[in-house]
Amino acid sequence: MAKPHRLPPLQSLVFFEAAARHLNFTAAAQELGTTQPAVSHRIGLLEEDLGVPLFKRAHRGVSLSADGVRLFEAVHESLGTIGAAVAHIRAQRSRRVLTVATDFGFAAYWLMPQLGALRKLVADLDVRIVTSQKPFDIREEAVDVAIAFGAGHWPGCEAELLLPEIVIPVCSPGFLASHAAGEDISRLTALPLLHLESEEPTRWLSWDSWFARHRLAASDGAHDLSFNNYPLVIQAAIAGQGLALGWLPLVEDLLRSGQLVRAAAGPVQTDNGYFLVRPNAQRTTAAIDLFRQWIIGECGRLA
């Protein structure tokens, strides 16, 4: 007994679809690179397999039977779906994909705004961005390169400095107007501060460290807020919730647009920074080399 969902041979369906679309066996044969008798034979086998005529044959040509119309609609739609999927897969294979890991702040405030320039430079490069606020071992991740923050030492990896850590206090214009510190940065200790939580040991400069570098006592923290990723810190600052530490050049666009302003003079630079990190054992690719050249050039220009 035949299975109720047994399909006819795919090649027979392809021949049928072409013949039904053209309503001409000769035109279908020309499209498929075969002969008219071959198309007629394949369709005859398909009709025999289904047990119904698919075409009405007349002296002046052919037309579809009711069953032929039903089958054509299903086969035509299905082959179109298959063709679209195959085209998408082939297009993906022709494009280069680069996976970049970094933290939330660098992704949101530096990498994303710059990606348009990279896409114009290399139209066939797809960049996939993976973000995490926690430190990770790039050798154990499915990524090509990382833009990581730290002191430049990652075991088993090559690290190239992109941007040094330069930090300034920032806030909204409205917050500055109502809590003006002027030239006396000691007044900042009494204002609400916005903190970025960090895994121990702290990698990013903290408010306590910023005050210590200016030989000031730390804030009592009575009105402070803490967040687990940098974009939330910056959004809170823009909303007038307090003072944030702004990493340059991550906050440059926000300063230029006036969404943030410098709350005081006295930028602090540390030995840390953002580095381009790649495993020593990694085999380089054209996409990695291209991205490296581009990001080193862009960071150098902005610095």
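Figures for the structure shown
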quantity	calculated
Filtered residues of the stretch 263-303 (kept if open to solvent by less than 20 Å² (accessible area, probe 1.4 Å), farther than 30 Å from Leu216 by Cα and of a type in the set (Gly, Ala, Ser))	Ala287
Every residue from the stretch 198-217 that is open to solvent by 50 Å² or more (accessible area, probe 1.4 Å) and modelled with pLDDT under 85	Glu199, Glu200, Pro201, Thr202, Arg203, Ala217
Tally, over the stretch 257-272, of residues that are modelled with pLDDT of 95 or more and either in a helix (DSSP H, G or I) or under 25 Å from Pro135 (Cα atoms) (or both)	1
Test: His5 is open to solvent by 50 Å² or more (accessible area, probe 1.4 Å), at pLDDT below 95, more than 22 Å from Gly83 (Cα to Cα) and not in a helix (DSSP H, G or I)	yes
Matching residues in the stretch 250-262 - criterion: being over 29 Å from Thr99 (Cβ atoms) and either of a type in the set (Asp, Glu) or exposed (fewer than 15 other Cβ atoms within 10 Å of the Cβ) (or both)	Arg256, Ser257, Gly258
Arg139 vs. criteria surrounded by 13 or more Cβ atoms within 10 Å (Cβ to Cβ), farther than 17 Å from Leu245 by Cα and modelled with pLDDT under 85	yes
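Residues checked against (1) under 16 Å from the mean Cα position of the chain (by Cα); (2) more than 30 Å from Asp208 (Cα to Cα):
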residue: Ile89; (1), (2): no, yes
residue: Arg96; (1), (2): yes, yes
residue: Val167; (1), (2): no, no
residue: Val170; (1), (2): no, no
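For (1) assigned by the TED database to the domain that holds Glu158; (2) of a type in the set (Ser, Thr, Tyr); (3) over 30 Å from Phe55 (Cβ atoms), each residue gets a yes or a no:
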| site | (1), (2), (3) |
| --- | --- |
| Val69 | no, no, no |
| Ile89 | no, no, yes |
| Val100 | yes, no, yes |
| Met112 | yes, no, yes |
| Gly116 | yes, no, yes |
| Ala123 | yes, no, yes |
| Gln133 | yes, no, yes |
| Ile138 | yes, no, yes |
| Ala146 | yes, no, yes |
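The values are calculated or read from the model by the stated rules, or taken from the named source; none is laboratory data. All of these numbers come straight from a predicted model, not from anything done at the bench. Cβ: placed from backbone, ideal geometry, glycine included. Neighbour counts: every protein chain shown. All accessible areas refer to the heavy atoms of the entire protein, side chains included, with ligands and DNA or RNA removed. Shrake-Rupley method; radii C 1.70, N 1.55, O 1.52, S 1.80 Å.
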